[in-house]
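What follows is a short report on a single structure.
The values are calculated or read from the model by the stated rules, or taken from the named source; none is laboratory data. Quick caveat: nothing in here was measured; it's all calculated off a predicted structure. Virtual Cβ from ideal backbone geometry, glycine too; neighbours counted across all protein chains shown. Keep in mind that these areas ignore ligands, DNA and RNA; they rest on the heavy atoms of the full protein, side chains included. Shrake-Rupley method; radii C 1.70, N 1.55, O 1.52, S 1.80 Å.
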Amino acid sequence: MNNIILSIKNLTVKYGTTVALKNISMEIAQNRITALIGPSGCGKSTLLRSLNRMNDLIEGASVSGQVLYRGEDIYAPSVDPVAVRLQIGMVFQKPNPFPKSIFENVAFGPKINGYRGDLGSLVKQSLQGAGLWEEVKDRLHDNAYALSGGQQQRLCIARALALQPEVLLLDEPCSALDPIATLRIEELIQELKEQLTIVIVTHNMQQASRIADYTAFFLSGELVEYGETEKVFTAPVDKRTEDYITGRFG
Amino acid sequence: MMAGNSNARSWSERIIEVLLAAAVSVSILTTIGIVVSLVGETTGFFREVSLVEFFTAKEWTPLFTPAHYGIAPLVAGTFLVTVIAIAVAAPLGIASAIYLSEYASVKVRRVIKPILEILVGIPTVVYGYFALTFITPIIRHILPDTDVFNALSAGIVMGIMLIPMISSLSEDAMTAVPRSLREAAYALSATKLEVALKVVIPAAISGIVASFILAFSRAIGETMIVTLAAGGTPNLTINPLESIQTMTAFIVQIILGEAPFGSIEYQSVFAVAFVLFLLTLSLNIIGHWIVRRYREVY
Ligand SMILES: Nc1ncnc2c1ncn2[C@@H]1O[C@H](COP(=O)(O)OP(=O)(O)OP(=O)(O)O)[C@@H](O)[C@H]1O
Ligand SMILES: [Mg+2]
């Protein structure tokens, strides 16, 4: 693997007494796309949310183990989760723009984090980065809810990009979108990997094999197999991985 | 057999429907009855007193000679108390709603919400006594020139009374803001306070404003606290330390004073009540309009 940006060590996550992730250890490569796959409920979202401490917001969730971001444990007592999320951004399954204008949606993060540069050009640059600029440049002050689902999801990506994060976590970003919108986002993700590191949860095997450099397969909270996508899909080591990717799995 | 059964069923359905409709009509008919009697006595009043005098004269002295019938002092007194009440209730109500919806854990909320609901159940006469025997002495201790009966004390206590109402309606509006919007903001490195102030409140603003307006409307119609603590002297002032009289307190005074039926004093009560009715009606209409106009679609 190339440079390691995130290193997960013996991570266990519980919701109350339910164990959602069991002793996970894995490393995430910088400027690469890592896909998390596995059946529903296996803990993919939980892992993703552990990487920027979004699980802190769930009452009853508890985390043990370490997540090292550039060598520093983001769960160390001295670390402010708000600062972690500045570096590690997130896009959710369902597009969730704010009920504000397109411009205000993108400007939200920079504004609350005291951005001092030219907001207008940052917004433009972020929308360009998300491949949405051409479609919305004449209606930046319209409500974001007037956009289509696929446009809203790209707006959410632009919004995350505006903070210029190092890592972008995507939780099934295409599951609410049609095939064309999905393809656009996939292209976009591949362009983005030049600038940042991407971890993406997906239920779509083709999607994982199309875009991911590395793929991790989870089952009931355990990491079953992790490696280069090509290898995981063509020559899986574990029988359970093979069953899953060939669709012989429940 | 089956046919007979379903026939009996449809009959009982019919009867229930009629009973339910009757229950609705009780309140509608009562409202119509109130309006009709108000309009009747009010027109009687305006045969004696001109509309111009009613709306422009600066004195309200129906029990003295010469009697003046300018409603301005009563309206001013009402608004003075109401504005003080809202100034107390709005910030505290919002703060408590933010706390309950954004900060409190499930456990804490389970304890606090019933307590707030108990506050709603306290009879207003108790609040009135509280104003007169507890708040007023404190105010007079700090500001000795304050009248025993004054708008400030009544306004503060009325504000306290309104906190649970604003808090609970605003909290409903805030908890209706989807979790996904909060998560979006947290993921953009927002703090808890930023999420509350920049995402939740803007998204819930229509419900919050509506809660203010409904509280305003409740404050205008509130009677017991002002009767006990704000005084009985119609007074065109904006000084909260003076004794004033609100529209409602005037109505109580005349009704209890056994004004002769059909006399002009008696009818003036209806004219005042009619103005009160129009004020609260329009506030309620505005409140509902705001809720509908600015309803957020998530
Ligand atoms: N907020 C929560 N409270 C309690 N349990 C939870 C919570 N979120 C997830 N879980 C449980 O943790 C386990 C892992 O859930 P998670 O959402 O990570 O799965 P997932 O792999 O993302 O599934 P999906 O593909 O359906 O999104 C599941 O058993 C789930 O029921
Ligand atoms: Mg999930």
(request) Working with all protein chains in place, sort A:V237, B:V126, A:V199, B:V36 by solvent-accessible area computed with a 1.4 Å probe, largest first. (result) A:V237, B:V36, B:V126, A:V199
(message) Between region B:138-184 and region B:216-270, what is the separation of their alpha carbon centroids in Å?
(response) 23
(request) Classify region B:238-294 as rounded, prolate or oblate from the Cα gyration tensor: take a ≥ b ≥ c as the square roots of its eigenvalues, call it rounded if a/c is under 1.5, otherwise prolate when a/b beats b/c and oblate if not. (result) oblate
(message) Once ligands and nucleic acids are excluded and a 1.4 Å probe is used, how much of B:S37 is accessible, expressed in Å² to the nearest 10?
(response) 60
(message) With a 1.4 Å probe and all protein chains kept in place, how do A:T34, B:T233, B:T280 rank by accessible area, largest first?
(response) B:T233, B:T280, A:T34
(message) Suppose all protein chains stay in the model; what accessible area per residue would a 1.4 Å probe give for region B:229-298, in Å²?
(response) 53
(message) Residues of region A:17-38 with the amide nitrogen closer than 16 Å to a label point 7 Å from the Cα of A:D238, along Cα-to-Cβ, please.
(response) A:20-27, A:35-38
(request) Please give every one of the lysines within straight-line cross-link reach of A:K124, meaning a C-alpha to C-alpha distance under 26 Å, and leave out same-chain neighbours fewer than 8 residues apart. (result) A:K94, A:K100, A:K111, A:K137, A:K193, B:K198
(request) Report Rg (one decimal) and Dmax (nearest whole number) for the protein assembly as shown, counting Cα atoms only, units Å. (result) 32.3, 105
(message) Accessible area of the protein assembly as shown with a 1.4 Å probe: how many percent of it is carbon plus sulfur?
(response) 61
(request) Apply 1/(1 + (r/R0)^6) to the Cβ-Cβ distance of A:D56 and A:R248, taking R0 = 45 Å, and write down the FRET efficiency to the nearest 0.05. (result) 0.75
(message) At a 10 angstrom cut-off on C-beta neighbours, averaged per residue, how do the peptides A:219-228, A:47-56 rank from highest to lowest?
(response) A:47-56, A:219-228
(request) Evaluate 2.2 N^0.38 Å with N set to the residue count of region A:88-129, then give the Cα radius of gyration divided by it. (result) 1.19
(request) Could you go through region B:206-212 in sequence order and give the Karplus-derived ³J(HN,Hα) for each residue, using 6.51 cos²θ - 1.76 cosθ + 1.60 with θ = phi - 60°, rounded to whole Hz, and x for Gly and Pro? (result) 5, x, 5, 4, 4, 5, 4
(message) Loop-only GluC sites (Glu not before Pro) in region B:242-282, please: DSSP not H, G, I, E or B, and at most 10 other Cβ atoms within 10 Å.
(response) B:E258
(message) Output wanted: per-residue J couplings in Hz (rounded whole) for region B:181-191, from phi through Karplus 6.51 cos²θ - 1.76 cosθ + 1.60, θ = phi - 60°, x for Gly and Pro.
(response) 6, 5, 4, 4, 5, 4, 5, 8, 6, 7, 7
(message) Averaging the inverse of every distinct alpha carbon separation and then flipping it gives the Kirkwood radius. What is it for region B:68-294, in angstrom units?
(response) 18.9
(message) If each DSSP helix of 4+ residues adds -39,500 (n - 2.57) and the sum is divided by the residues in the protein assembly as shown, what number results at 222 nm, nearest 500 deg cm²/dmol?
(response) -17000 deg cm²/dmol
(message) Stokes-Einstein diffusion coefficient for region B:2-48 at 10 °C in a medium of 1.306 mPa s, Rh from the Kirkwood formula over Cα pairs: what value in µm²/s?
(response) 116
(message) What whole-number distance in Å separates the alpha-carbon centres of region A:1-60 and region A:80-140?
(response) 25
(request) Would you list which lysines come within 26 Å of A:K239, measuring only between C-alpha atoms, while excluding same-chain residues fewer than 8 positions from it? (result) A:K9, A:K22, A:K44, A:K231
(request) With a 1.4 Å probe and every protein chain left in place, work out the accessible area per residue of region B:28-117 in Å², rounded to a whole number. (result) 54
(message) I'd like the FRET efficiency for B:F261 and B:I15, computed as 1/(1 + (r/R0)^6) with the beta carbon distance as r and R0 of 35 Å, rounded to 0.05.
(response) 0.25
(request) Kindly tabulate the residues in region B:154-194 with an accessible-area decrease of at least 40 Å² between the chain alone and the assembly of all protein chains, using a probe of 1.4 Å. (result) B:R179, B:L181, B:E183, B:A184, B:Y186, B:A187, B:L188, B:S189
(request) Could you name every residue in region A:102-139 that has 30 Å² or more less accessible surface in the full protein assembly than in its own chain alone (probe 1.4 Å, ligands and nucleic acids excluded)? (result) A:F108, A:I112
(message) How much accessible area per residue does chain A have, counting only protein heavy atoms and a probe of 1.4 Å, in square angstrom?
(response) 43
(message) Sort A:84-92, A:112-120 by packing, meaning the average of other beta carbons within 10 Å per residue, with the highest value first.
(response) A:84-92, A:112-120
(request) List every residue whose amide H lies under 5 Å from the amide H of A:I200, counting only residues 5 or more places away in sequence or on a different chain, with H placed 1.01 Å from N in the peptide plane. (result) A:T34, A:A35, A:L36, A:L170
(message) For a quick check of understanding: with a 1.4 angstrom probe and all protein chains in place, what accessible area in square angstrom does A:D178 have, to the nearest ten?
(response) 90
(request) Over the whole of A:91-98, what's the average partner chain Cβ count within 10 Å per residue? Rounded to a whole number, please. (result) 4
(message) Relative contact order of chain A, please, whole-number percent, based on alpha carbon pairs below 8 angstrom and at least 6 residues apart.
(response) 26
(request) Figure the gain on full extension for B:R110 and B:N7 (residue separation times 0.36 nm, minus the Cα-Cα span) and round it to one decimal in nm. (result) 32.3 nm
(request) Mind computing the radius of gyration and Dmax over the alpha-carbon atoms of region B:28-90? Å is fine for both. (result) 15.4, 42
(message) For the full complex of protein chains and a 1.4 angstrom probe, list A:W133, B:W11, B:W289, B:W60 by accessible area with the highest value first.
(response) B:W11, B:W289, A:W133, B:W60
(message) Need one number: buried accessible surface between chains B and A, 1.4 Å probe, both sides summed, DNA, RNA and ligands left out, in Å² to 100.
(response) 1900
(message) Under 8 Å for C-alpha pairs, at least 6 residues apart: give me the relative contact order for region B:50-209, rounded to a whole percent.
(response) 26
(message) Restricting to Cα pairs below 8 Å that are 6+ residues apart, what does the relative contact order work out to for region A:142-199? Please round to a whole percent.
(response) 42
